[in-house]
Amino acid sequence: QGSGGGTSAAVEVGSFCDPSSPDLHANPCDAAGLFCEPDSRTCQLPCATDADCPSSLLCDTLSGAGFCRNAICGD
């Protein structure tokens, strides 16, 4: 997964977001086709099943809204 943020203005996986804000500057994920994951407050790839994720990533649906995550990252 990308690190996001940094010096790039592009929104990518790992970019900061505020899931409670309708302001696109605080929650830029929607415009980039990503999901603002509330626990990490970062933009993530949305998914419904593992098939929606790039290889080696799993679809995590435990929070209610699915997003792709690294399989080796702990819960």
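Listing for the model above:
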quantity	calculated
Residues located in region 42-56, provided they are assigned to a strand (DSSP E or B) and open to solvent by less than 60 Å² (accessible area, probe 1.4 Å)	42, 43, 44
Qualifying positions in region 12-34 - open to solvent by 20 Å² or more (accessible area, probe 1.4 Å), out of contact with any Gly (no Cβ under 8 Å at 6 or more places or on another chain) and either outside any loop (DSSP other than H, G, I, E, B) or in contact (Cβ under 8 Å) with a residue 24 or more places away in the chain (or both)	30, 31, 32
Residue list for region 57-75, filter: in a loop (DSSP other than H, G, I, E, B), open to solvent by 60 Å² or more (accessible area, probe 1.4 Å) and of a type in the set (A, V, I, L, M, F, W, C)	62, 72, 73
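The values are calculated or read from the model by the stated rules, or taken from the named source; none is laboratory data. Keep in mind it's a predicted model, so treat the numbers as computed, not measured. No Cβ is skipped: glycine too gets one built from the backbone with ideal geometry, and neighbour counts run over all protein chains shown. When the accessible area is computed, the model is the full protein with side chains, heavy atoms only, and any ligands, DNA or RNA have been set aside. Shrake-Rupley method; radii C 1.70, N 1.55, O 1.52, S 1.80 Å.
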